[in-house]
Amino acid sequence: MTHGSDCCTAAEDGAESDQQQPLILERVEKEKGKSCRTAALRRLKKHCSCTPKKAKSKILGFFPILKWLPRYKLRDWILGDAMSGLIVGILLVPQSIAYSLLASQDPIYGLYTSFFSSIIYALLGTSRHISVGIFGVLCLLVGQVVDRELALAGYLTESSITSSNNSAILLAGPGNGSVEVGCDRSCYAITVGATVTFTAGVYQVLMGIFQVGFVSVYLSDSLLSGFATGASLTILTSQFKYLLGLKIPRPQGWFTLFKTWYSLLTNLGNTNICDLVTSLVCLLVLIPTKELNDRFKAKLKAPIPFELFVVIIATLASHFGHFNTEYGSSVAGDIPTGFLPPQLPLWSLIPNVAVDAFSIAIVGFAITVSLSEMFAKKHGYTVDANQEMYAIGFCNILPSFFRCFSTSAALTKTLVKESTGCQTQVSGLVSALILLLVLLVIAPLFYSLQKCVLAVIIVVNLRGALRKFTDIPRMWRANRGDTSIWLITMLTSSLVNTELGLLVGVLVSAFCVLGRTQQVQVLELGRAATKEHYEDLSSYRGLQTHPGVAVFRYEAPIYYANQSLFKRSLYKRVGLDPVKEKTRHLKFKKKKSKQQKEVAKDPNMKSEGKNACEDEDVEATATVNLMLDEKSRSLHSIVIDCSAILFLDTAGVNALKEVRKDYGELGVKVVLAQCNSSLLDTLERGGYYPDIKGGDGGENSIVFFTIADAVRYVQSLSAPNGDCDTKC
């Protein structure tokens, strides 16, 4: 029995001895860096080699329709796609007319733009829900370039020229992109617009080739939501003039929301009663019916197209009631029919519009990717940002040969498309079919369609985005940082400028991430009573500390922007600032040296000066020792837990070197524990562990993989008869 007890005791002692042994791991030798030539040849071979499998993958990737169309669920999806495509197609007719005027173009070119972009995006795009076509911001940017180039070319303003059959003149043109005597103001305007569009499309395709689509990862959920809500406010405000039947110009530049409301209030007395009554009736019909659609959407295979019914009834009422002639109601008006032959861009104009085209390309891509990411996340699928770049690029390049201007995803029509049951890109093909019918056959039937009816449909379909305001208290309680990003992006998009809001949102998101690294403080850790586990002393009860050894953790990367904060926080937590201590010592030495020189000059005061100097020396030493006792007690070692430090830069490595050196001069040893492999590589390259591979770096080259090993090591150093074998 005694023997068995001895065996158990021996086993326990052996287990305890094994537990006390430090963890030692052998690093895997990394492959030596290849030459630039070898790496370039390997990458070139990888991307230029062609196999049947790779060719098939490239083709399917470039034409996403080849992937999803064979798996199309005809019975489940066709009704929703058809209805959403039909309604969006009808909405595109008056919107294409209105936005083409913003781009300083004739109305028919807006219809061309919406038609071609809908087809091309259905073939190349990866988002199932966004509607690509005319977007107000891009129309304004194109219009500014067109007006500038018209003025430089010496064309008169539009108001000073007589109306003429511009389409006939274009049909008689050579179609080679050259500007001849027969090319009038309208002809040159669309030539400039098409050239800007072509150049912007080339920029977007080049950005896709160079894989610039990764920038979409910087568009967070809160940023996208804030941008969509802010843009919804702008769109809502822009529709009020149609609801009231006011004929006021669309404001340009920044602060359009305030400009629009000022124009609305100053012209409120000119409200068209017919448009106002029609708007109210349509609102009273559509709001309850849309709510019914949303409530019973799980039971309905496709939403009931109440918008379509309202459009048909309102058009008939406007036609037979003579709303336009009798009451002055604003209607869609006459739309010319037919297509024009393709025409090359004006190559000589590209240098003049290159800078403007680049800004248009950036804005168009940012809006398209942000909307596609937002709706993809909402409906549970993914989009390829680089493929979106290709899609929107070719939506600009190819239509530019058919006298179209720049396009991107449009929030208003996307919201309408989603809310009316869209399932796939087939909806875009249906919209293109509606536009084709309009261009070829039924354009005169939409002459009497009131613009206020279309404005009502847009406003009703914005209610989902506007409901986000009710979620602000919940968002604030969940995460104040994300809510701040949402609010800033929303306010900038709505109150200042739409595309600027997206840029500001990205910058604010980046600064929030950087700001979080600026607020991290060093934590002091304690050991659990039953296990060798260390946690924050201020967060858990019952943790134990080691006499003479303090363990700290920093939960952020250490880099140039926060390295000084790291040092200040560590010195404050330790309670001993080595820099200040060294300064006090230097001041004391200078003062002592000065007194000794004064004593040497006056022999009579030598004895008295010596005694005074000795007394002051003793007093100063006592003061310093007292200060050390008060702040650090018996502290002789500091262990820094690096498990939460993701990376270091040169400034971070230098900061750790300074901490070790400064505390070392005061007799306090600093060691690091739980560094990941990339951190160890950075420390080694930065010279923190000198000659670590050769083993000649001394104590500074020791690597600790656990906090417990580091603590035992520094405790062994402070022991009176510490055994060197216990060191790692």
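The values are calculated or read from the model by the stated rules, or taken from the named source; none is laboratory data. Source: prediction; values computed, not measured. In this analysis, Cβ positions are derived from the backbone assuming ideal geometry, glycine residues included, and neighbour counts consider all displayed protein chains. Remember, those area values only see protein heavy atoms, side chains included, never the ligands or the DNA or RNA. Shrake-Rupley method; radii C 1.70, N 1.55, O 1.52, S 1.80 Å.
Could you list, in sequence order, all residues of the range 242-259 that are modelled with pLDDT under 85 and either open to solvent by less than 30 Å² (accessible area, probe 1.4 Å) or out of contact with any Cys (no Cβ under 7 Å at 6 or more places or on another chain) (or both)? K247, I248, P249, R250, P251, Q252, G253, W254, T256, listed by residue number. Each residue in the range 461-512 was checked for being open to solvent by 20 Å² or more (accessible area, probe 1.4 Å), within 14 Å of the chain's Cα centre (by Cα) and either more than 23 Å from I367 (Cβ to Cβ) or among the hydroxyl-bearing types (S, T, Y) (or both), and 0 pass. Of all the residues in the range 536-547, those that are under 17 Å from A673 (Cα atoms) and surrounded by 15 or more Cβ atoms within 10 Å (Cβ to Cβ) number 1. Per the listing V310, V281, the residue uniquely among the hydrophobic types (A, V, I, L, M, F, W, C), within 30 Å of L440 (Cα to Cα), assigned to a helix (DSSP H, G or I) and out of contact with any strand residue (DSSP E or B) (no Cβ under 7 Å at 6 or more places or on another chain) is V310. When K32 is tested against the conditions (1) outside any helix (DSSP H, G or I); (2) modelled with pLDDT of 85 or more; (3) of a type outside the set (D, E), the lone failure is (2). In this structure, is S232 at pLDDT below 85, within 30 Å of V93 (Cβ to Cβ) and in the same structural domain as L371 (by the TED database)? Considered against the rule, which asks whether it is at pLDDT below 85, within 30 Å of V93 (Cβ to Cβ) and in the same structural domain as L371 (by the TED database), S232 comes out as yes. Taking first residues from the range 489-516 that are free of Cβ contacts under 8 Å to residues at least 60 places away in the same chain and partners that are aromatic (F, W, Y), no Cβ contact under 8 Å between residues at least 6 apart in sequence or on separate chains turns up. Of the residues making up the range 600-611, at least one is farther than 30 Å from E532 by Cβ, assigned to a loop (DSSP other than H, G, I, E, B) and at pLDDT below 70.
Listed by first and then second residue, the pairs with beta-carbon distance under 7 Å, at least 6 apart or on different chains, first residue in the range 448-474 and over 13 Å from Q239 (Cβ atoms), second open to solvent by 50 Å² or more (accessible area, probe 1.4 Å), are S448/H319; S448/N324.
Would the range 557-564 turn up any residue that is loosely packed, with under 13 Cβ neighbours inside 10 Å, at negative phi and at pLDDT below 85? No, because not a single residue in the range 557-564 is loosely packed, with under 13 Cβ neighbours inside 10 Å, at negative phi and at pLDDT below 85. Against the numbered list (1) crowded, with 23+ Cβ neighbours inside 10 Å; (2) in contact with a Lys or Arg (Cβ under 9 Å, 6 or more places away or on another chain); (3) not in a helix (DSSP H, G or I), S406 comes up short only at (2). Out of everything in the range 324-360 that is assigned to a loop (DSSP other than H, G, I, E, B) and hydroxyl-bearing (S, T, Y), what residue ends up being most open to solvent (accessible area, probe 1.4 Å)? Once the filter is applied, the top-ranked residue is T337.
Counting only helices (runs of 4 or more DSSP H) that sit wholly inside the range 44-145, those with at least 1 residues that are of a type in the set (A, V, I, L, M) and at pLDDT 85 or above are 65-68, 74-102, 107-124. When R553 is tested against (1) within 30 Å of A708 (Cα to Cα); (2) out of contact with any Cys (no Cβ under 9 Å at 6 or more places or on another chain), just one condition goes unmet, and that condition is (2).
Please determine, by comparing only the residues of the range 288-307 that are in a helix (DSSP H, G or I) and surrounded by 15 or more Cβ atoms within 10 Å (Cβ to Cβ), which one is modelled with the highest pLDDT. For the range 288-307, the residue satisfying everything is T289.
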